[in-house]
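Taking it in order: structure first as structure tokens, then the write-up.
The values are calculated or read from the model by the stated rules, or taken from the named source; none is laboratory data. Since we're looking at a predicted model, the values are computed, not measured. Note that each Cβ is placed from the backbone with ideal geometry, even for glycine, and that neighbours are counted across all protein chains shown. The accessibility values were calculated without ligands, DNA or RNA, using every heavy atom of the protein model including side chains. Shrake-Rupley method; radii C 1.70, N 1.55, O 1.52, S 1.80 Å.
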Amino acid sequence: QVQLVESGGGLVQPGGSLRLSCASSGGIFSIYAMGWYRQAPGKQRELVAHITSSGITNYADSLKGRFTISRDNAKNTVYLQMNGLKPEDTAVYYCNQHLGVLDYWGQGTQVTVSS
């Protein structure tokens, strides 16, 4: 059974940066696509960024240029580098690992952008 553990969230001032990490265990990490999603209070969960097993990335249009997703298959970890954070980036960020019908989620990590 795949388990995902996110870390790196916290409180940051507007304009600041955070790097989220998601450590995966229990599966062959390198064959899975990975994604970061977020859910703000009262809103639906939305895709932030996605990276395929071969390293192809895509992003929510509104986040291009500020967020970067990457993966380290040797460490079974996916990262989300977030720069130029804005108050509207405040949300719980979730890691997702998927392959076909296999779909796994982490417990989420809170990111709060506030002065």
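If we keep just the residues of region 32-45 that are out of contact with any strand residue (DSSP E or B) (no Cβ under 6 Å at 6 or more places or on another chain) and of a type outside the set (S, T, N, Q), which is least open to solvent (accessible area, probe 1.4 Å)? Spell out how you get there, then give the answer.
Let us first name the residues in region 32-45 that are out of contact with any strand residue (DSSP E or B) (no Cβ under 6 Å at 6 or more places or on another chain), namely 41-44.
Those still in the list that are of a type outside the set (S, T, N, Q) too: 41-43.
Values: 41: 117, 42: 93, 43: 137 Å².
Applying the filter and picking the extreme gives 42.
Is it the case, given these coordinates, that residue 13 is closer than 17 Å to residue 107 by Cα, open to solvent by 60 Å² or more (accessible area, probe 1.4 Å) and among the polar types (S, T, N, Q)? Outline the logic, then answer.
Values: closer than 17 Å to residue 107 by Cα: no; open to solvent by 60 Å² or more (accessible area, probe 1.4 Å): yes; among the polar types (S, T, N, Q): yes.
Considered against the rule, which asks whether it is closer than 17 Å to residue 107 by Cα, open to solvent by 60 Å² or more (accessible area, probe 1.4 Å) and among the polar types (S, T, N, Q), residue 13 comes out as no.
Within the bounds of region 1-10, is there any residue that is in a helix (DSSP H, G or I), at pLDDT below 95 and surrounded by fewer than 14 Cβ atoms within 10 Å (Cβ to Cβ)? Working first, answer last.
Keep residues of region 1-10 that are in a helix (DSSP H, G or I), which gives none.
Checked region 1-10: no residue is in a helix (DSSP H, G or I), at pLDDT below 95 and surrounded by fewer than 14 Cβ atoms within 10 Å (Cβ to Cβ).
Using the structure shown, decide if residue 60 is within 14 Å of residue 111 (Cβ to Cβ) and open to solvent by less than 70 Å² (accessible area, probe 1.4 Å). Can you show your working first?
On the way: within 14 Å of residue 111 (Cβ to Cβ): no; open to solvent by less than 70 Å² (accessible area, probe 1.4 Å): yes.
No.
Those residues that are surrounded by fewer than 17 Cβ atoms within 10 Å (Cβ to Cβ) and within 10 Å of the chain's Cα centre (by Cα), I need them from region 73-115; list them, please.
81, the sole residue that qualifies.
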